[in-house]
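Participant: Pasting a structure here, questions to come.
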Amino acid sequence: MLLLGIDNGSTVCKAALYSEDGREVGTASRRIPLLQRQPGWFERDLSAVWAATAATIRELIDSVGIDSAEIVALGCTGHGNGVYLLDAHGSPLGYSVQSTDTRAMALLAEWAGRGALAASARRTLQQA
């Protein structure tokens with residue numbers, strides 16, 4: 001039985017397999033392009049993220065030479081905050097907005113000035 005870990009960082013998707021006793025069995029990784037269509041915009045094509053993630057997992061399974069049925073648990077992590085919008089069918093609604101994106105800075109400054117950021121943080125436990 002094996003454990004699969006997936007990390008979609010801000011530039012690379014990484015996947016690793018571990019035995020139940022914590023021994024690393026294998027790893028694979030793949031770059032995921034960051035889109036900068038305008039200054040201050042940092043986005044990713046969610047279809048490309050999904051394809052890169054699936055290809056990384058497939059590469060890992062093939063390189064180790066296992067049956068995917070041997071994977072009994074999955075853990076996922078990511079790069080941090082961002083906006084990933086999907087429709088009711090789970091399909092991407094455009095590009096994701098990464099946490100390094102700066103297009104909303106003026107809006108955030110306005111919200112901070114009227115206390116809306118602090119109120120939001122109290123309710124959501126998240127920082128904008």
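Participant: Among what's in the range 85-110 and is more than 18 Å from the chain's Cα centre (by Cα) and open to solvent by 90 Å² or more (accessible area, probe 1.4 Å), pick the residue that is nearest to Gln38 (Cα to Cα).
Facilitator: Among residues in the range 85-110 that are more than 18 Å from the chain's Cα centre (by Cα) and open to solvent by 90 Å² or more (accessible area, probe 1.4 Å), the one nearest to Gln38 (Cα to Cα) is Arg103.
Participant: Continuing with the same structure: If Ser63 passes every condition in (1) closer than 26 Å to Ile32 by Cα; (2) assigned to a helix (DSSP H, G or I); (3) open to solvent by less than 80 Å² (accessible area, probe 1.4 Å) but one, which one does it miss?
Facilitator: Status for Ser63: all satisfied but (3).
Participant: For Leu17, only one of the following conditions fails: (1) farther than 15 Å from Asp7 by Cβ; (2) in a strand (DSSP E or B); (3) not basic (Lys, Arg). What is its number?
Facilitator: Answer for Leu17: the failing condition is (1).
Participant: For the list (1) of a type outside the set (Asp, Glu); (2) assigned to a strand (DSSP E or B); (3) touching a Leu at 6+ places or on another chain (Cβ under 9 Å); (4) open to solvent by 50 Å² or more (accessible area, probe 1.4 Å), I need the number of the one condition that Gln127 fails.
Facilitator: That leaves (2) as the condition not met.
Participant: Please specify each residue of the range 1-44 satisfying the condition of being open to solvent by less than 30 Å² (accessible area, probe 1.4 Å), touching a strand residue (DSSP E or B) at 6+ places or on another chain (Cβ under 9 Å) and in contact (Cβ under 8 Å) with a residue 60 or more places away in the chain.
Facilitator: The answer is Leu2, Leu4, Gly5, Ile6, Gly9.
Participant: What are the residues in the range 26-59 that are over 24 Å from Thr100 (Cα atoms), part of a helix (DSSP H, G or I) and within 18 Å of the chain's Cα centre (by Cα), if any?
Facilitator: Residues satisfying the conditions are Ala54, Ala55, Thr56, Ile57, Arg58.
Participant: Sticking with this structure for a sec: Can you pull out every residue in the range 66-89 that is part of a loop (DSSP other than H, G, I, E, B), within 26 Å of Leu125 (Cβ to Cβ) and not polar (S, T, N, Q)?
Facilitator: Selection gives His79, Gly80, Tyr84, Leu85.
Participant: Starting from the range 96-109, take each residue that is within 23 Å of Ala48 (Cβ to Cβ) and list its partners that are assigned to a helix (DSSP H, G or I), counting only C-beta distances under 8 angstrom and pairs at least six apart or across chains.
Facilitator: From residues that are within 23 Å of Ala48 (Cβ to Cβ), the pairs are Ser96/Leu46; Ser96/Val49.
Participant: Across the range 66-80, what is the total count of residues that are open to solvent by 50 Å² or more (accessible area, probe 1.4 Å) and of a type in the set (A, V, I, L, M, F, W, C)?
Facilitator: 4
The values are calculated or read from the model by the stated rules, or taken from the named source; none is laboratory data. These numbers come from a predicted model, not from an experiment. Virtual Cβ from ideal backbone geometry, glycine too; neighbours counted across all protein chains shown. We work out accessible area using only protein heavy atoms, side chains counted, and drop any ligands, DNA or RNA first. Shrake-Rupley method; radii C 1.70, N 1.55, O 1.52, S 1.80 Å.
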